[in-house]
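Working notes, beginning with the structure itself.
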Amino acid sequence: YTITVDPQGEGAEIADTMYGVFFEDINRAADGGLYAELVQNRSFEYSTADNASYAPLTSWTVGGTAEVVNDDGRLNERNRNYLALGAGSSVTNSGYNTGIRVEEGERYDFSVWARTRSAGTLTVTLKDAVGELAKARRVAVKGDWAKYTATFTASRTSNRGRLTVASSGTAALDMVSLFPRDTYKNQPNGLRKDLAERIAALEPGFVRFPGGCLVNTGSMEDYSEASGWQRRRSYQWKDTVGPVEERATNANFWGYNQSYGLGYYEYFRFAEDVGAMPLPVVPALVTGCGQNRATEDPALLKRHIQDTLDLIEFANGPATSTWGRVRAGMGHPEPFGLTHIGVGNEENLPREFFARFQQFRAAVEAKYPDITVISNSGPDDSGTTFDTAWQLNREGDVDMVDEHYYNSPQWFLQNNDRYDSYDRNGPKVFLGEYASQDNAWKNGLAEAAFMTGLERNADIVELASYAPLLANEDYVQWRPDMIWFNNRASWGSAGYEVQKLFMTNVGDRVVPSEASTTPDVSGPITGAVGLSTWATSAAYDDVRVTSADGTSLLSDDFSGDASKWTHSGGGSWSVQDGQYLQTDEAAENTLVTAGDPAWKDYDLHVRATKKAGK
Ligand code: AHR
């Protein structure tokens, strides 16, 4: 069929900020992910309140005697637990995934808060099963709580490191930390470089954070002295700023503990470092995500509205203002330039949500008329809740509405025209979360097709972000995800490549076009299975292509026959033991099936062993 393009035509303008990322602390995206801390459960706060399988010593093993204590001797009111270590005893941390990852020649900063009655020595070691990974450090400790530091230089690369702290005398320990010196943009309390760089490579126009369901669920619970410092699932930005040892930890909605080491200051800083607009989301005091509650407590609502105003002051206020001073004290006297804020996420009760949203909006507009307050449309792409939410948003003259949907690839193909008929006089759309339901090539293709529809309607769809952004392969609560990782590597899905293609090639204006016919999108997508940028091959061998459950696709589905696969570069290429592909240094990193296998859902996982010295 024919596509007719009108080069002189005036299509919609596309803002540089149109495509962004949505970071939610789901799938261990923060601790054990983007937040570069290598010690898991560093402040001994894991609890069955986070997850039935957790205890304060999760990820620690004890040699000798040690007990987690919660009493008046604690480091501070927010950091409830500490470890009482017996004389001559030790504790060892196993990190995330297979262990603590260290790279030969790289430096690692150890720190600990300690309290002792008499002078003593802490011996800190980094080892794996093979032996020492760095020269042991001795730290002299004495007296009341104080922070002690030491630096390691790794003598060997390992994915299975263990950090051990041994004490000569009795000692209380808290905030046992090991940080790579080499963080993204060398920021202190910073971010894991490969993951941050992978996100930065998308050139995001905005960063939406910190959720998702993380934001609104449990938002009516409190975390205060009055409530006995019980954990609650509500994410409140004030818990996440200031010195890390004074930040609360919390039960994460997704079933683990979150340290808040990656908190609001770090989110704003990250958005700035990747050149993106920060877009925080605060709870509207109406739950969603399987919960149907709305607060009837005016004092609680008032406090959250005030917290929202304080958040804007934290981001934009002068360094002399109350919250601007906190920001400046953390190292950023200049404002972060916040222009948009989201209130609420996927509320199931549209009327209750909108009544409370209006109060947030009125308060923000009265004090900060230049800030865009973004509303919500509930959890679905259509239906009664969605229609009611949109009607209220339209009648209320809202600036922008956040929509979310996760659907089949067919749905994305069939709904390319979704926004063609949206009311041009109504609220703008923030497509805050979307993905077609898998990480296969066909999903990327369907998303790309759908994104042409977003772009064609850039006059109404002002912002769009795929979701979720990150997943640690060993702690998955939600799939598909854009970027996958473990403790030593990260890799983009087909969806990542599609996002990157669009995000790094944002045009200024849509060039109007017309197709002579509409393709038939009623059936499944068929064709060759393509897989690209799956390893920077020059540095790898033993490349394996497996399905999600670890089954080798080559042996199971292609009978170990390498001739059914081609790769785009030179070099040698063979199937080893019917199990995996062996490439040499010259082999390129694009893999496409030579034939046209019967369609099947492939969730391709690629593993490669990094060659020594590369
Ligand atoms: O992106 C994962 C979840 O999907 C988000 O937390 C929520 O907003 C949506 O339901």
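Where a number appears in this text, it was derived from the coordinates with a stated rule and is not lab data. Owing to the predicted nature of the structure, the values given are computational and were not obtained by experimental measurement. In this analysis, Cβ positions are derived from the backbone assuming ideal geometry, glycine residues included, and neighbour counts consider all displayed protein chains.
Can you put Ser111, Ser234 in order of Cβ neighbours within 10 angstrom, beginning with the fewest?
Details: Ser111 19, Ser234 23.
Sorted ascending by nearby Cβ count, the order is Ser111, Ser234.
At Ala146 and Arg325, where each label point lies 7 Å from the Cα along Cα→Cβ, what is the point-to-point distance in nanometres?
It is 2.9 nm.
Can you give me the P(r) profile for the stretch 348-415? Cα pairs, bins 10 angstrom wide beginning at 0, each as a whole percent.
20, 45, 25, 9, 1
Among all the aspartates and glutamates, which ones have a C-alpha under 12 Å from Lys367's C-alpha, if same-chain residues fewer than 8 places away are not counted?
Qualifying aspartates and glutamates at Cα under 12 Å: Asp310, Glu313.
Using alpha carbons only, how many angstrom separate the centre of the stretch 7-25 from the centre of the stretch 68-129?
Cα centres, the stretch 7-25 to the stretch 68-129: 46 Å.
Between Glu10 and Arg351, how many nm apart are label points set 7 Å from Cα along the C-beta direction?
Output for this residue pair reads 4.3 nm.
In vacuo Debye scattering of the stretch 60-182, one point per C-alpha: log10 I(q)/I(0) at q = 0.13, 0.19, 0.22 Å⁻¹?
Reported log10 I(q)/I(0), two decimals: -0.49, -1.01, -1.27.
Which pairs in the list Lys428/Lys500; Lys238/Lys302; Lys238/Lys500 are over 27 Å apart, alpha-carbon to alpha-carbon? Intermediate values should be presented prior to the final figure.
Values: Lys428/Lys500 24 Å; Lys238/Lys302 15 Å; Lys238/Lys500 33 Å.
The answer is Lys238/Lys500.
Full-extension gain between Asp474 and Asp520, please, as 0.36 nm times their residue separation minus the C-alpha to C-alpha distance.
Working: separation 46, 0.36 × 46 = 16.56 nm, distance 3.88 nm.
So the extension gain works out to 12.7 nm.
Taking the stretch 27-133, which trypsin sites (Lys or Arg not before Pro) meet the DSSP loop condition and have no more than 15 other C-beta atoms within 10 Å? Let's see the in-between values first.
On the way: sites: Arg28, Arg42, Arg74, Arg78, Arg80, Arg101, Arg107, Arg115, Arg117, Lys127; in loops: Arg28, Arg42, Arg74, Arg78, Arg80, Arg117.
Listed in order of number, the matching sites are Arg117.
With r defined as the distance between the Cβ atoms of Asp71 and Arg303 and R0 fixed at 25 Å, what FRET efficiency is calculated, to the nearest 0.05? Don't skip to the end; give the middle numbers.
On the way: r = 29 Å, r/R0 = 1.18.
Given R0 = 25 Å and the Cβ-Cβ separation, E is 0.25.
Using every Cα-Cα pair within the stretch 18-93, state what percent have a distance larger than 19 Å.
On the way: 1376 of 2850 pairs.
The answer is 48 percent, as a whole percent.
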